[in-house]
Structure formats: structure tokens, C-alpha cells
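Q: Got a structure for you, questions after.
Derivation of every value follows stated rules applied to the coordinates shown; laboratory data play no part. All figures in this text were calculated on a predicted structure; none of them were measured in a lab. Cβ placement follows ideal geometry from the backbone for every residue including glycine, while neighbour counts extend to all protein chains displayed.
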Amino acid sequence: MKEGILKFFEKIYKKPVETSITEIGKGLKGTRDIFVKSPEQKEIAEIGGEFGLFFDKVIKNVLVETWTDLSGITAKQIMKKPKLVNQNTSIKTIANILKGNEEIVFVMDNKTLIGEIAEYDLVKQLVPANKMVKEIGLLGTFDKSYFGKTAKDVMRKQVTIVTPSTPIEKIAYLINNNDLIAIAVVKQRKIVGVIHTRDLMRFIK
């Protein structure tokens, strides 16, 4: 059945679909999964399966674009081991981790990436409560994460990702446009690395 779908799309595009069911990951859940038509779009195949909440249209467009004048250096060559924490990890534990060499931790629900926490996400814990009020008419509301006790409470759910095949030029573009300090590297729905802004500094000439 799945192989039949691939052949169907090969006829439409008049050339072989340059991917495989293994590369895609979880398998094909519908025709929307069949869009990997060229080597330039390998990043999308590497992610695998449905994209979920942490994969938005802008990132997808960047990863499938064909860019010229690239260095040939990819995320796989420079990524570091990511620091992962369980969603129930206390913010005190996370603060201790971030006091070291880590700038960011990624929050997991079992083996699923659900969020990220950077140093600036915890700084608000030091702000006096009366300064955290956001005025809405006559009523004041609090930032719920201010009262957070665990990683799940304070994490940011929008995670910008790339894959091992993503060129460093695209990584730099995403980091710059989203004001990131680090970016997650994902393969087959699993986080396999992290690239910090400082990791790109040696390529600036």
C-alpha cells in the first residue's frame, strides 16, 4: 500500500521520489507526507512522521528551500549532546544545570520533545510578585509560569528545530530570525543534538 502511494507520486512528479519509507520514519499517514522530491529536501525526511506542535510553516519552508553558495557544513558535523530533563524536573534542579556550561535544556515527556527552557525563562522567578502583574482593564492577571514548580510549568512549547542534514547557513538564518541562543537537532522524531550560537562563531571569516 505505502509503496503504491510512492509510485503514484513518482508518476505525478515524472521522476523517482528520492526518499524511502525508512527515512520518513513513522510511515505514511496520508498524502501530505509525500513531499520529499529532491536531495535538497532531505532535512524534512529526516524528521520523520507528523511534525506536531513544535514544527511551524516558516521552519518547514526554510528547510525545504534550495540554497546556493553553501559551505557544505551541516548540523551533524558541529552539534553537541543535548541536555534533556523530564517534564517533572523541579525548576531548582534546572537552575543548577543552567549555572554550569549549559545555556538551554530540552524538556521530555518520556521520549517526546515537548519544550525547552533557557536561562531567561527562569529569571522571572526573582522578580517581586507585584511586578509580574499584567494589567487587563481593571483586572490584573499573573503570568502562570511565574508560579511554576516543574519544567512543564515554565517551558516554552514552541521549539525551533533542524535536522542533521541542515546546512549551517540555514541554522544561522533560523537562529538570527528567531533570536535563539541554541537550536535543537531532530532525527526520526528524536532529539539527537543541539547547536549553540557560539558553535557557529568559528565559521565567521
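Q: List 180, 70 from most exposed to least, where exposure is judged by having the fewest other Cβ atoms within 10 Å. Mind showing how you got there, number by number?
A: On the way: 180 19, 70 12.
Ranking 180, 70 by Cβ neighbours within 10 Å, fewest first, gives 70, 180.
Q: Give me 181, 168 ranked fewest to most by other Cβ atoms within 10 Å of their Cβ, as a rough exposure proxy.
A: Working: 181 13, 168 21.
Taking fewest neighbouring Cβ atoms as first place, the list is 181, 168.
Q: Moving on to the next point. Work out the length of the dipole vector of the stretch 146-205 about its Cα centre, built from +1 on the beta-carbon of each Lys and Arg and -1 on the beta-carbon of each Asp and Glu, and round it to the nearest 20 debye.
A: Using only the charged Cβ atoms, the result is roughly 220 debye.
Q: Is there a pair in 76/152; 157/187; 124/152; 152/187; 80/170 whose C-alpha atoms are over 26 Å apart, and which pairs would that be? Before the final figure, lay out each step's value.
A: Details: 76/152 28 Å; 157/187 18 Å; 124/152 16 Å; 152/187 23 Å; 80/170 17 Å.
Among 76/152; 157/187; 124/152; 152/187; 80/170, the Cα-Cα distance tops 26 Å for 76/152.
Q: Moving to a separate point now. By the scheme Lys and Arg +1, Asp and Glu -1, what is the net charge of all other residues having a beta-carbon under 9 Å from that of residue 116?
A: +1
Q: Using amide H atoms built in the peptide plane, which far-off residues or other-chain residues are under 5 Å from residue 192 H to H?
A: For residue 192, whose amide H was placed from the backbone, the distant partners under 5 Å are 185, 186, 187.
Q: Simple spin-label model, 7 Å along Cα-to-Cβ: residue 73 to residue 86 in nm?
A: In this crude label model, residue 73 to residue 86 measures out at 3.8 nm.
Q: Quick check on the stretch 46-205: take the gyration tensor over C-alpha atoms, sort the square-rooted eigenvalues as a ≥ b ≥ c, and tell me if it's rounded (a/c under 1.5), prolate or oblate.
A: prolate
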